[in-house]
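The values are calculated or read from the model by the stated rules, or taken from the named source; none is laboratory data. Here the structure is a predicted model, which is why all the values come from computation and not from measurement. Every residue, glycine as well, gets a Cβ built from its backbone with ideal geometry; the counts of neighbours run over all protein chains shown.
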Amino acid sequence: MRRRHLPAVLRIENRSYPRPWSLGIFLSEISLGEARQYFVATLGSKVIGYCGMMVILDEGHITNIAVDGSYLTKGVAKRLLLNAFDVAVGLSIKDMTLEVRASNQIAQRLYFKFGFEPVGIRKNYYAESNEDALIMWCYDISSSENCQRRQKIRGELEEAGLITSVQDSAELPSESESLLGEEPPLQGSFEDVVQTQGGDVDE
């Protein structure tokens with residue numbers, strides 16, 4: 001995620017969460033280097049989703065993930081999570097965690113597929129509604145079981161034509177360089193074009 005992505009990211013954020021992050025929060029987060037990993041999914045030059053991860057020692061904490069409402073059920077959230085896990089493995093992260101609304105069964109099903117399991121509750125975590133958060137962890141992300149789980153998801157996306165190449169935006173040294181997916185929209189279907197670079201989620 002780069003500064004130029006933030007207007008689109010904020011639009012998705014504002015539509016996805018009752019208490020959306022501000023521009024200042026995103027700017028602060030993406031300025032923290034390796035301690036924060038933020039990625040965008042693009043369709044041509046259009047940002048259609050994003051995911052953030054906080055790195056604390058050997059743990060990764062998914063801070064947010066959201067997809068443009070026009071592209072739900074297209075596998076974008078899965079693609080973003082796969083990318084987050086790939087980056088986490090590269091950073092020698094052992095375990096991943098996140099919070100999700102207790103009522104958000106759709107998101108929970110998605111996280112279960114990635115090996116996250118509920119371990120506790122944060123009471124009244126979401127202040128705007130006093131709703132509890134379910135705390136979920138995926139332990140030992142590099143285990144053969146978890147790797148096979150992600151490979152199965154990747155294979156399903158590939159078979160459906162919903163996945164192409166991946167590039168972590170953290171590997172790009174300068175703002176002036178072209179980001180993956182920022183060339184003019186490619187010819188072909190949506191499924192052929194969606195790519196990721198380093199709220200509402202879909203299965």
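This table checks each residue for (1) farther than 21 Å from LYS113 by Cβ; (2) modelled with pLDDT of 95 or more; (3) not hydroxyl-bearing (Ser, Thr, Tyr).
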site	(1), (2), (3)
TRP21	yes, no, yes
GLY33	yes, no, yes
PHE39	no, no, yes
GLY44	yes, no, yes
GLY49	no, no, yes
MET53	no, yes, yes
ASN64	no, no, yes
TYR71	no, no, no
ALA84	no, yes, yes
- Item | Meets criteria (of a type in the set (A, V, I, L, M), under 22 Å from TYR126 (Cα atoms), within 8 Å of the chain's Cα centre (by Cα) and assigned to a strand (DSSP E or B)) for ALA66 | yes
